[in-house]
1. In segment 236-255, is there at least one residue being surrounded by fewer than 20 Cβ atoms within 10 Å (Cβ to Cβ), in contact with a Phe, Trp or Tyr (Cβ under 9 Å, 6 or more places away or on another chain) and under 30 Å from PHE80 (Cα atoms)?
2. In segment 382-391, what residues are touching a Leu at 6+ places or on another chain (Cβ under 9 Å) and either on the phi > 0 side of the Ramachandran plot or open to solvent by 20 Å² or more (accessible area, probe 1.4 Å) (or both)?
3. Any residue at all in segment 366-385 that's within 21 Å of GLN25 (Cα to Cα), out of contact with any Phe, Trp or Tyr (no Cβ under 6 Å at 6 or more places or on another chain) and aromatic (Phe, Trp, Tyr)?
4. Are there any pairs with C-beta distances below 7 angstrom linking a residue in segment 12-34 that is under 16 Å from PHE80 (Cα atoms) to a residue that is open to solvent by less than 50 Å² (accessible area, probe 1.4 Å) and among the polar types (S, T, N, Q), with the two at least 6 apart or on different chains, and if so which?
5. Search segment 453-468 for residues that are under 17 Å from GLN543 (Cβ atoms) and pair each with any residue that is at pLDDT 90 or above and among the basic types (Lys, Arg) when their beta-carbon atoms are under 8 Å apart and the residues are at least 6 apart or on different chains.
6. Only one of (1) open to solvent by 20 Å² or more (accessible area, probe 1.4 Å); (2) modelled with pLDDT of 70 or more; (3) part of a helix (DSSP H, G or I) is not met by ASN139, so which one is it?
7. Taking only segment 500-555 into account, find how many residues are open to solvent by less than 20 Å² (accessible area, probe 1.4 Å) and part of a helix (DSSP H, G or I).
Amino acid sequence: MDKETKKALVFKTGLLEKAKETLKQEFIGLDKIIDQLVSYISSWYLFPQLQERPLIINLWGMTGVGKSALVKRLIELIQFENIRYYFDLGEVKGDKLNIFNQLRDLSNVSADQPSVIVFDEFQLARTISETNEELIEPNNRIIWKLLDVGKFEIDNASQFKLLKLSEEITTIEFLIKKGVRAKNGKVTEQLAFFQKVHNQNQPDRYAKEDDEKLMNDLLIHPSTYLEIWNCRLMGFRDPFEIEEYLLSLNEMETLAFLKRVLNEYTTPTTIDCSKALIFNIGNLNSLYPMSSNYSIDLSADEFYKQSLKIDLSDVKKKLSGLFRHEQVARLGNNHIIYPSINETQYLQFIEKKLELLSKTIKSATGFRLTFEDTFKSYLYNLAVIPSLGYRPVLSSIDTEVQAHLGKMVQTVLKQKLDIDEVCFWINNDQIIGTFKKADEKIYSLLLKMNPTRKIDKRNDADIITSLHESGHILVSLMLEGKVPEQVVCKSRDQQLLGFVYYTKEDEILNRKNLRAKLAGYLGGRAAEEIVFGKEYITSGAYQDLKEATKLASKAIKVYGLGQHIGSYSNAQPNDQEIQYQGLESQIQHEIDEAYALALETLRNNKKWLKKLSMKLLLLQKVNQTQLLKVFEEIGIKPKDYESTFNYTWEFMRMKT
């Protein structure tokens, strides 16, 4: 290894290590992700000359967790921002994705030099529809060629330019046949005939008398120079070089040159990105439990814990529903899976953003902002929706802090205050800003009424919700031995009453636990019927009914757990009416039987239904540990309801 190569490697290694440390400081809680990312790119970054095809790295996660921001910052830190090509696949025309025109930018990529290509919102390039039908988008095949071998062809020709060049060639051929001759780009024989033809065919070219005197003997009008230049002909740096060349040719050489331009212009350009680093960044929200739940009461830590269970096989299974099998293979095995964001990360993020905002405001106004824990807690409770990531936090900081800047500055000027700090805090549903000088309080200002929902007053809806959720809990416990991770009976979100959150586990579905699961979905409605009567059942179970019907339908039509063996996932009302009605009848039967089971289970344990409802009415929100304590207080022993059936044990007991 020569000295220059060794020096370059030392520099790059140091830069990569420094980039890794910087990223860990700037991106909270992503140390493992950053280590994985830097490890993947290190060989490409240090030895790009060894690469024969693109290095593909895929980053998957929920929306708003910072995937794109991390990649962008990494590219900056390794000094590749000037040779980075970014394509947002979310930029669609109508409802059709067309990446062909965007990829023309890659014509600037050198085949011998490494570059970085970023495809954001990659899930939108799907080739399989939600109904499992292939989506035909020929122009988007270019993406998969790029991901496969790093090379693809594009046709740069525009119909307008082709027409202009063809007309110019036809005219020159006609003039030559009529005896027109030229030297050094100027007509030397049959000039009058040449001018007559041009005045007839293109009268607007010589609109001014001065132009006519200067250009009436040029075989090729100067306006054509720019047209030729726009064809990106190899060997010419600008239109002036084209002009200089044309003014050195005779008529036959000019004709040959125009034909060469046309030929090269119509020949597809091969773009070689074989030494590129390609990032595919996409949102796979449905991989994450409760990703469709936008409740502010959902525990960020529980969400995070479940997201850590997602592995490569889960990702590939999801991708197989978006892309064809050979396309999933082309994505390779470099998949980085983002977890959701836990409570500590959210709090650190809030702290960091408030600190940055304070510095910005101080440089503009002369006073800094500080925030008491009461305000930080308020901001967390208001802004954190685990399924939506950091974005709601950023917008809430804007509305709850930055939006008050004008009011604060006006107060300082009007009251003639000499301050160096404004402290935000919460007092009795109010956001207060206390103006200080050297930690001494000078003035207090009401900034905003706290819009969060008061949750200390109880009403009919609270009684119904606590009873409804208790029904879910007891049925699922007694039939499946399951204890939820979180229960909310009164939400801070005014649009939501409550919910019970169970972790999704890899569980074998059979006919027995199918009915138990369906009964669990219907336990809330059953509890309402037992206590209030059929006529007073509320609409609160609409989502439960939807989920129960969905599960029953899949079990009967897809999993073959109905009366007849077979898969009928594509059965439609107009296919085979008798068969379709039979399937729907089986689905309804399963739901009816499950509801009867839920009613029976709760009637047999009515005392616990009331006791648990009363506890939840008082507590309003509990996690699994707190719920187990409640069970102990009212006399329920969850272990008594754990399933005793085990497939392995049954197999071992089999007699031969």
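1. Within segment 236-255, one or more residues are surrounded by fewer than 20 Cβ atoms within 10 Å (Cβ to Cβ), in contact with a Phe, Trp or Tyr (Cβ under 9 Å, 6 or more places away or on another chain) and under 30 Å from PHE80 (Cα atoms).
2. Scanning segment 382-391 gives a single hit, ILE385.
3. No, segment 366-385 contains no residue that is within 21 Å of GLN25 (Cα to Cα), out of contact with any Phe, Trp or Tyr (no Cβ under 6 Å at 6 or more places or on another chain) and aromatic (Phe, Trp, Tyr).
4. As it stands, the answer is LEU16/SER42, since those pairs meet every condition given.
5. HIS468/ARG525
6. (2)
7. Result for segment 500-555: 15.
A quick yes/no check of all residues on (1) surrounded by fewer than 18 Cβ atoms within 10 Å (Cβ to Cβ); (2) modelled with pLDDT of 95 or more; (3) out of contact with any His (no Cβ under 6 Å at 6 or more places or on another chain); (4) farther than 18 Å from LEU496 by Cα:
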| residue | (1), (2), (3), (4) |
| --- | --- |
| VAL422 | no, yes, yes, yes |
| ASP429 | yes, no, yes, yes |
| PHE435 | no, yes, yes, yes |
| ASP439 | yes, no, yes, yes |
| MET449 | yes, no, yes, yes |
| ARG453 | yes, no, yes, no |
| ASP460 | yes, no, yes, no |
| SER466 | no, no, yes, no |
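The values are calculated or read from the model by the stated rules, or taken from the named source; none is laboratory data. Because the structure is predicted, anything quoted here is derived from the model rather than measured. Ideal geometry is used to build each Cβ from the backbone, glycine not excepted, and the neighbour counts take in all protein chains shown. In case anyone asks, the SASA skips ligands and DNA or RNA and just uses the protein heavy atoms, side chains included. Shrake-Rupley method; radii C 1.70, N 1.55, O 1.52, S 1.80 Å.
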